[in-house]
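The values are calculated or read from the model by the stated rules, or taken from the named source; none is laboratory data. All figures in this text were calculated on a predicted structure; none of them were measured in a lab. For neighbour counting, all protein chains shown are included, and Cβ atoms are generated from backbone atoms with ideal geometry for every residue, glycine included. Calculation scope for accessible area: heavy atoms of the full protein, side chains included, ligands and nucleic acids excluded. Shrake-Rupley method; radii C 1.70, N 1.55, O 1.52, S 1.80 Å.
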Amino acid sequence: MEPPDEDAAFRRLLALGLRRRLDAGAARLIVEGQYSAFIAAFRREPEFLDGHMHVHQFPGVREAVVSFTAGLPAGARPYVRNTATPLSRILAQ
C-alpha cells in the first residue's frame, strides 16, 4: 500500500479553505476529537494547539479552532499558535 500523498491533501485542504468550501461542523468535530484524543493519551489538557503544517490557520479550520477553544473554560484554554505574517510585512521584504 502506498503512503498517503500528504502534499496533495495539504493543497486540497488549502484550496477548499480559500474557496470557503470547508464544512465548518465537520472541522469542529475533528478539532474536538483530536483534543479529546490528546487528553485520553496524555491524561491532561494540551498546553497549546498547533496544526501540522499550520493547517489550523487555514480558513474554515481556523474558525473551528477558535470556536472550540472559546467554548473551553477561560483558565483551561490552550495557547493557539499564530504564525500569520501581515501582508504589509511580506510586501516590505
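Distance between the modelled labels on E45 and A24, one decimal in nanometres: 2.4 nm (7 Å Cα→Cβ projection). The share of accessible area on segment 17-93 that comes from carbon and sulfur is 58 percent, using a 1.4 angstrom probe. Note that segment 54-62 has calculated 3J(HN,Hα) couplings of 6, 5, 5, 9, 5, x, x, 6, 4 Hz, one per residue in order, obtained from phi through the Karplus relation 6.51 cos²θ - 1.76 cosθ + 1.60 (θ = phi - 60°); glycine and proline are x. A 1.4 Å probe run over the chain, with the rest of the protein chains in place, finds 77 Å² accessible per residue. Between the amide H of V80 and those of L49, distances stay under 5 Å, these residues lying 5 or more places away or on another chain, with hydrogens modeled in the peptide plane. Global dimensions of the chain from alpha-carbon coordinates: Rg and Dmax equal 15.0, 46 Å. Sequence-ordered 3J(HN,Hα) estimates for segment 14-30 from the Karplus curve with 6.51, -1.76 and 1.60 and θ = phi - 60° stand at 4, 4, 4, x, 5, 8, 6, 10, 7, 7, 4, x, 5, 4, 5, 4, 5 Hz, glycine and proline given as x.
Placing unit charges on each Cβ (+1 for Lys and Arg, -1 for Asp and Glu) gives the chain a dipole about its Cα centre, and among S88, S67, A41 the Cα reaching farthest toward its positive end belongs to S88. Per-residue ellipticity at 222 nm from helix content only, as computed over the chain with -39500 (n - 2.57) for each DSSP H run of at least four residues, stands at -16000 deg cm²/dmol. What you get for the chain, charging only the Cβ of Lys and Arg (+1) and of Asp and Glu (-1), is a dipole of about 360 debye around the Cα centre.
Other residues lying with their Cβ under 11 Å from the Cβ of P59 contribute a combined charge of +3, Lys and Arg counting +1, Asp and Glu -1. Applying a DSSP loop filter and a limit of 11 other Cβ atoms within 10 Å to the trypsin sites (Lys or Arg not before Pro) in the chain leaves R19, R20, R21, R43, R44.
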